[in-house]
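Participant: Have a look at this one.
The values are calculated or read from the model by the stated rules, or taken from the named source; none is laboratory data. Small disclaimer: the values here were computed from a predicted structure and weren't measured. Here Cβ is always computed from backbone atoms with ideal geometry, including for glycine, and neighbour counts include all displayed protein chains.
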Amino acid sequence: MSERVAVGDGLGAHSPRAPAQTAPVRLTAGSAFAAPAVIVGEALLVLAGTLPVWGSRLEAPQYPKGLSLWVYGNRTEGDVTEINGLNHYIGMRAIDVSTVPELAFWPWALVAAGLLLLVAVFQRGLL
């Protein structure tokens, strides 16, 4: 007969010094973390829909206050006319949201992300 040798602290698995195994926290429909996770996630998505996707601040001696441009999912704000004039002068195309097809999908991407968040939290095993 062979003798078994325990590896570790020598006291076995039921030792008071053996580390306790904890299960990972899961966000299920009945979980205490599910509702706050959805609320925070959806609030961040709403915030993403109201903040600019891209922005730029240009500074030059000719423009002491500088020029700024902010691109949202469906519009541009800032000194767009002045920047487009400068872009034309150096041979660049005008900045126009309608020429960027990806921005047309921005609202749909936010809605899809919100739905995926709901599915991920409340439909266990789907994602």
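Participant: When you look at Leu110, is it part of a helix (DSSP H, G or I), in contact (Cβ under 8 Å) with a residue 60 or more places away in the chain and either out of contact with any Gly (no Cβ under 8 Å at 6 or more places or on another chain) or of a type in the set (A, V, I, L, M, F, W, C) (or both), yes or no?
Facilitator: Criteria met by Leu110.
Participant: Exactly one of these conditions fails for Pro61: (1) over 30 Å from Ser98 (Cβ atoms); (2) at pLDDT below 85. Give me its number.
Facilitator: Of the numbered conditions (1) over 30 Å from Ser98 (Cβ atoms); (2) at pLDDT below 85, the odd one out for Pro61 is (2).
Participant: Filtering the range 113-127 down to residues that are aliphatic (A, V, I, L, M) and assigned to a helix (DSSP H, G or I), which residue is modelled with the lowest pLDDT?
Facilitator: Taking the range 113-127 and keeping what is aliphatic (A, V, I, L, M), we get 113, 115-121, 126-127.
Now drop any that are not assigned to a helix (DSSP H, G or I), which leaves 113, 115-121.
Numbers: Ala113: 88, Leu115: 87, Leu116: 86, Leu117: 82, Leu118: 81, Val119: 81, Ala120: 77, Val121: 74.
Looking at the filtered set, the residue picked out is Val121.
Participant: Now, a different point. Mind checking which residues of the range 43-88 are surrounded by 15 or more Cβ atoms within 10 Å (Cβ to Cβ), farther than 24 Å from Trp108 by Cβ and free of Cβ contacts under 8 Å to residues at least 24 places away in the same chain?
Facilitator: Answer for the range 43-88, where residues must be surrounded by 15 or more Cβ atoms within 10 Å (Cβ to Cβ), farther than 24 Å from Trp108 by Cβ and free of Cβ contacts under 8 Å to residues at least 24 places away in the same chain: Leu67, Ser68, Gly78, Asp79, Val80, Asn84, Leu86.
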